[in-house]
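The values are calculated or read from the model by the stated rules, or taken from the named source; none is laboratory data. Everything numeric in this text was worked out from a predicted model, so none of it was measured. A quick note on method: Cβ atoms are made from the backbone with ideal geometry, for glycine too, and the neighbour counts reach across all protein chains shown. When the accessible area is computed, the model is the full protein with side chains, heavy atoms only, and any ligands, DNA or RNA have been set aside. Shrake-Rupley method; radii C 1.70, N 1.55, O 1.52, S 1.80 Å.
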Protein chains: 2
Amino acid sequence: MLGKKAADAFPGLDEFLCFSIYSTGHAFNQIYRPLLDKLELTYPQYLVMVSLWGGDGQTVKELGAQLSLDSSTLTPLLKRLEARGYLSRRRDTQDERQVRLVLTPEGQALQQRAREIPACVAREIGLKKEDYHTLQRLLGEVRERLTKSAE
Amino acid sequence: MLGKKAADAFPGLDEFLCFSIYSTGHAFNQIYRPLLDKLELTYPQYLVMVSLWGGDGQTVKELGAQLSLDSSTLTPLLKRLEARGYLSRRRDTQDERQVRLVLTPEGQALQQRAREIPACVAREIGLKKEDYHTLQRLLGEVRERLTKSAE
DNA sequence: TGAGATTTGATCGCGCGCGATATAAGACTG
DNA sequence: CAGTCTTATATCGCGCGCGATCAAATCTCA
């Protein structure tokens, strides 16, 4: 016997990269939840707000391209953010197919209240700067290849 | 001016490690979908099957510990797998609180049909072995720290 | 200009995740 | 051995993700 596995053995869960990502994603959610509860945001809603804080007036399509989400996910989510008073959805007057997303003053102000979150999360992660960048780079490579071969 | 950011600027989405993981997770889903469609499995259902192929007779609790999922997620998922004929759910005769998960012959046989999937996905990822292990190690570190500080 | 193709967003259905709660079986304690 | 506590699973409600479909606005080009 050269190894402990039978020839037809399936790998264990721990060997799957996809599972590492899947479960680490869940772990992130748990960390974010208490921080975001104060702002009455879910985690995907927070990502949308981060994108809009980086620049308002985007269309749903443009936002979706950043987040890799389409209107079937975004429309209801954006309506909830609108209902909470954080943004408004306005049909573009030039091209009425498009909906532009504009932060309300309250949505702008939320940025200040969210300010400690990134540092707070970074502290919980506790990776060395170098490892952090390595991780970002490798994840970026994986994502790029997967999205390319999925097209 | 020392930098291009205002003092109160929020980081961009691309700087968030959580976002890299979030979107890479979605990309994995897209890759798995066509492969799993043939087996009539969703991605979380596939993870459950992988765990059971590694050894059945587990309780729901034990399975949940591996996947970081609790009964509110697993019970309906397991019922769907049972309805498809891949496993059976049996109350433990010693301790009737527990439900033990046992693969049916069809569930066992599915392993053969799923056999090419890991290699197929690995090919799509296309990372060097060393990078793959680095990624696994760093994700493991992050997950461990996050789950510890969330407890 | 007018018929068909394309683009944008909205809607629907279903399967996760997960917090909160319920129920039932088992363990513990006085 | 009765009352209480704990544990394992189930149920409910809500918010994503996403494939499929639809409606309206815009574009194309004969």
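Label-point separation (nm) for B:Leu127 and A:Gln108, each offset 7 Å from Cα along Cα-to-Cβ?
Between B:Leu127 and A:Gln108, the label points sit 4.2 nm apart.
If r is the Cβ-Cβ distance from A:Asp92 to B:Ser71 and R0 is 35 Å, what FRET efficiency results, to the nearest 0.05?
It comes to 0.15.
Over all residues in B:118-126, what is the mean tally of Cβ atoms on other chains that come within 10 Å of each residue's Cβ?
4
On average, how many beta carbons from a partner chain sit within 10 Å of the beta carbon of a residue in B:41-50?
Rounded to a whole number, the mean comes out at 2.
Just to be sure I understand: if you take the accessible area of chain B alone plus chain A alone and subtract the pair, with a 1.4 Å probe, what total do you get in Å², rounded to 100?
5600 Å²
How would you classify segment A:9-59 from its alpha-carbon gyration tensor, with a ≥ b ≥ c the square roots of the eigenvalues: rounded for a/c under 1.5, else prolate if a/b is greater than b/c, otherwise oblate?
oblate
I'd like the Karplus ³J(HN,Hα) series for segment A:111-127: coefficients 6.51, -1.76, 1.60, θ = phi - 60°, whole numbers in Hz, and an x wherever there's a Gly or Pro.
4, 5, 6, 8, 4, 7, 4, x, 5, 4, 5, 4, 5, 5, 5, x, 8
With N residues in the protein assembly as shown, what two-decimal value do you get for its Cα radius of gyration over 2.2 N^0.38 Å?
1.12
From the phi of every residue in segment B:23-34, what ³J(HN,Hα) in whole Hz does the Karplus formula 6.51 cos²θ - 1.76 cosθ + 1.60 yield, where θ is phi - 60° and glycine or proline is x?
So the Karplus estimates, Gly and Pro as x, are 7, 5, x, 5, 4, 4, 4, 5, 5, 6, 3, x Hz.
Okay, helix-only estimate at 222 nm for chain A: each DSSP H run of n ≥ 4 adds -39500 (n - 2.57), divide by all residues, round to 500 deg cm²/dmol; what do you get?
The per-residue figure over chain A is -19500 deg cm²/dmol.
Specify the residue with the greatest mean-square fluctuation among A:Gly57, A:Gly12, A:Gly25, computed from a Gaussian network of chain A linking alpha-carbon atoms under 10 Å apart.
Per the Cα network of chain A with a 10 Å cutoff, A:Gly12 tops the list.
Please work out the Cα center distance from segment A:58-96 to segment B:25-46, rounded to the nearest Å.
Taking the Cα centre of segment B:25-46 as reference, the centre of segment A:58-96 is 27 Å away.
Where a ≥ b ≥ c are the square roots of the eigenvalues of the C-alpha gyration tensor, would you call segment B:13-112 rounded, which needs a/c under 1.5, or, failing that, prolate if a/b is larger than b/c, or oblate?
oblate
Just the accessible area for A:His133, please: 1.4 Å probe, Å², rounded to the nearest 10?
Here the accessible area works out near 110 Å².
With the label 7 angstrom out along Cα to Cβ, how close does A:Thr75 come to the same site in each of the other copies, in nm, nearest first?
3.3
Taking the Cβ-Cβ separation of B:Glu15 and A:Ala9 as r and a Förster radius of 35 Å, what is the calculated FRET efficiency to the nearest 0.05?
Between B:Glu15 and A:Ala9 the formula returns 0.30.
For A:Arg145, A:Arg91, B:Arg143, give the ranking by accessible area with the largest first, probe 1.4 Å.
I get A:Arg91, A:Arg145, B:Arg143, largest accessible area first.
What whole-number value in Å² describes the accessible area per residue of segment A:31-115 for a 1.4 Å probe?
Value for segment A:31-115: 53 Å² per residue.
Taking all protein chains together and a probe of 1.4 Å, list A:Asp70, B:Asp131, A:Asp56 from the most accessible to the least accessible.
A:Asp70, A:Asp56, B:Asp131
Mean-square fluctuation check for chain A, GNM, Cα pairs under 10 Å: which of A:Tyr43, A:Tyr32, A:Tyr22 is largest?
Looking only at A:Tyr43, A:Tyr32, A:Tyr22, the biggest GNM fluctuation is shown by A:Tyr22.
What does the average come to when, for each residue of peptide B:129-139, you count the partner chain Cβ atoms lying within 10 Å of its Cβ?
5
Distances from B:Cys120 to the same residue in each other copy, label points 7 Å out along Cα→Cβ, in nm, shortest first?
Output for B:Cys120: 4.3 nm, nearest copy listed first.
Looking at segment B:13-71, which GluC sites (Glu not before Pro) are in a loop (DSSP not H, G, I, E or B) and have at most 15 other Cβ atoms within 10 Å?
Filter output for segment B:13-71: B:Glu40.
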